[in-house]
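The values are calculated or read from the model by the stated rules, or taken from the named source; none is laboratory data. Because the structure is predicted, anything quoted here is derived from the model rather than measured. Cβ placement follows ideal geometry from the backbone for every residue including glycine, while neighbour counts extend to all protein chains displayed. Heavy atoms of the whole protein, side chains included, go into the accessibility calculation; ligands, DNA and RNA do not. Shrake-Rupley method; radii C 1.70, N 1.55, O 1.52, S 1.80 Å.
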Amino acid sequence: MIRNEKNNTIIIQGVAGSGKTSIALHRIAFLLYRFKNKLSARNITIISPNKVFGDYISTVLPELGEEPIYELSFENIAQIQLEDIIQFESDKDPLETKDIHWAKRTRFKSTLYFVKQMNVYLSEISKTLFVPKDYIYDELIAPADFIKERFFAYQSYPIKKRLQLIADDIYHRFTSRNTMGYKVPRPRTILSGLNKMLKMKSTIALYKEFYKWLDLSEMFVLPAKKTLEWSDVYPFLYLHAAFEGLQESQLIKHLVIDEMQDYTPIQFAVINQLFPCQKTILGDFKQLINPNHLNTIEDIQTLYNDAIYVELTKSYRSTYEIITFANKIQNIDQLEPVERHGETPQLIFCKNKQDEMLKLKKKLKLFQASYRASLGIIVRTNSEAKSLYSQLLPDYNINLISPESTRFEIGISITSIQMSKGLEFDEVIILNVNHDNYKTEYDRSLLYIAVTRCMHQLTIMYVEKPSHFLP
């Protein structure tokens with residue numbers, strides 16, 4: 001079940017460039033100073049969307065005057081918890097995966113309704129999964145009623161843990177009442193007998209049964225033997241917490257979760273199990289990167305109904321001209337720019353792909369002659385970024401920011417919109433902003449993310465017909 005102590009969490013919903021991460025880091029600095037006798041950097045963890053973003057914000061962390069703060073991703077956490085239990089696939093790129101059945105499964109598991117259904121299921125099976133019987137060992141008997149009474153007395157524990165506690169109880173019961181000197185079985189032997197009273201013996205069996213209970217067996221697919229799809233990892237962990245238990249962290253006393261819009265309610269539910277501590281949760285639901293995630297900021301507020309909620313509407317990253325441009329893309333008026341002026345965003349028409357490459361190279365030459373430190377070339381997908389990197393690498397000193405990357409480097413970087421999340425560049429060039437590439441409401445969100453990565457100079461290139469989202 002979801003656990004969260006009152007006022008133990010702060011949720012920061014902020015627009016692009018509003019300084020959400022900086023505020024979170026300053027909050028950490030305050031906590032480290034305020035509770036310096038009780039709290040150190042080793043007691044704080046940041047969950048970030050990728051290793052590049054973690055490396056990027058680490059440039060700020062030394063300013064806190066502390067040792068480095070530990071960073072994790074949701075995939076790291078799953079690897080730790082599921083080692084020697086079951087394997088899983090990494091998440092697929094929704095922009096490059098055409099499997100509509102996979103997308104449907106992912107969407108279904110991304111909702112708050114899904115968590116509520118899992119809670120109902122857990123409530124029901126806790127009453128039916130274990131069928132107590134008399135435990136008999138030679139002349140010694142532990143009645144079924146006694147075992148049942150102890151099972152529900154320990155209902156705050158995972159089911160397998162309950163059986164261990166009951167085995168200890170039976171052992172002590174036999175020992176204390178053994179006036180005839182019968183041989184008493186060890187707790188491990190008793191536990192073996194109790195395990196036979198379970199209708200299902202593993203979490204994976206329990207998880208499969210959940211979809212039968214929903215009458216939606218098609219929603220659970222194993223891509224390989226003993227291997228979960230990514231969307232099944234945290235639902236599996238949620239059931240595993242109730243059945244066998246998880247490795248809860250007693251060391252971490254404050255958890256920061258960045259880019260909250262990229263994570264689902266079931267992931268937050270598991271995090272609450274693993275880290276029963278203070279939390280700072282931040283993000284911007286206007287920057288949703290996964291079209292198969294249907295959760296909302298209201299869902300997060302429901303999960304943390306006693307949390308302090310803060311909304312940031314002023315953007316400090318970009319110039320007035322860039323933020324005004326971004327506002328028109330999203331048709332929003334909450335995004336308030338600071339009065340820092342710069343160049344008007346430039347839209348460049350290209351006759352074809354060859355012409356676009358020629359004009360891109362002219363822009364790169366201008367950047368190399370400028371005083372600016374960073375240029376981000378942003379394309380729609382990771383495969384496009386990799387292809388463009390291969391084309392430009394022979395002639396330029398450039399960096400590729402991909403899902404495999406671990407470092408953020410200054411200079412010229414090529415990246416996808418997905419990997420640009422949370423990053424910022426002095427100058428940004430967005431390629432292929434054509435009508436066919438950016439035409440849906442989801443595409444509008446992607447374009448908004450790309451535009452708001454830029455601090456000073458923004459260039460958008462398109463071939464033939466531009467996206468109708470462009471002002």
Fill in: Alpha carbon centroid spacing (whole Å) that separates region 210-279 from region 291-319
21 Å
Response to the item:
Computed ³J(HN,Hα) along region 106-122: with the Karplus parameters 6.51/-1.76/1.60, θ = phi - 60°, integer Hz and x for glycine or proline, the list is 5, 4, 4, 8, 9, 9, 5, 4, 4, 4, 4, 5, 5, 5, 5, 4, 4
Worksheet item: For region 379-462, what ratio Rg/Rh do Cα atoms give with a Kirkwood hydrodynamic radius?
Response: 0.94
Discussion item. Just to check, using Stokes-Einstein with a Kirkwood Rh over alpha carbon pairs, what's the diffusion coefficient of the chain at 10 °C and 1.306 mPa s in µm²/s?
Written reply: 63 µm²/s
Practice prompt. Leaving ligands, DNA and RNA out of it, work out the accessible area of Asp169 with a 1.4 Å probe and give it in Å² to the nearest 10.
Written response: 40 Å²
Response to the item:
Percent relative contact order for the chain, counting Cα pairs under 8 Å at least six residues apart, stands at 22 percent
Worksheet item: Any idea how far apart Glu339 and Asn119 come out in nm if each label point goes 7 Å out from Cα toward Cβ?
Response: 4.8 nm
Practice prompt. Provide the FRET efficiency to the nearest 0.05 for the Thr97-Lys148 pair, computing r from the beta carbons and using R0 = 60 Å.
Written response: 0.80
Worksheet entry | Coil-residue trypsin sites (Lys or Arg not before Pro) of region 313-379, DSSP, other Cβ within 10 Å capped at 14 | Lys351
Worksheet item: Which whole-Hz ³J(HN,Hα) couplings does region 282-294 yield from phi under the Karplus relation 6.51 cos²θ - 1.76 cosθ + 1.60, θ = phi - 60°, glycine and proline marked x?
Response: 9, x, 8, 6, 7, 10, 5, 9, 10, x, 8, 9, 9
Fill in: Cα gyration tensor category, rounded, prolate or oblate, for region 315-375 with a/c compared to 1.5
oblate
Practice prompt. For region 306-351, with all protein chains present and a 1.4 Å probe, just round the carbon and sulfur fraction of the accessible area to a whole percent.
Written response: 49 percent
Fill in: Sparse-neighbour loop sites [trypsin sites (Lys or Arg not before Pro); region 142-234; at most 16 other C-beta within 10 Å; DSSP]
Lys183, Lys196, Lys199, Lys201, Lys225, Lys226
Worksheet item: At 222 nm, what helix-only mean residue ellipticity would the chain give, in deg cm²/dmol to the nearest 500, using -39500 (n - 2.57) for each DSSP H run of four or more?
Response: -12500 deg cm²/dmol
Response to the item:
Averaged per residue, the 1.4 Å probe accessible area of region 278-399, protein heavy atoms only, in Å², is roughly 51 Å²
Worksheet item: What is the local net charge at Arg177, summed over the other residues whose Cβ is closer than 13 Å to its Cβ (Lys, Arg +1; Asp, Glu -1)?
Response: -1
Discussion item. So if a site counts as exposed when it's one of the GluC sites (Glu not before Pro), its DSSP state isn't H, G, I, E or B, and it has at most 16 other Cβ atoms within 10 Å, what's the longest stretch of the chain without one?
Written reply: 140-243
Worksheet item: So who's got an amide H within less than 5 Å of the one on Thr9, skipping anything under 5 residues away but keeping other chains? H placed 1.01 Å off N, in plane.
Response: Lys279, Ile308
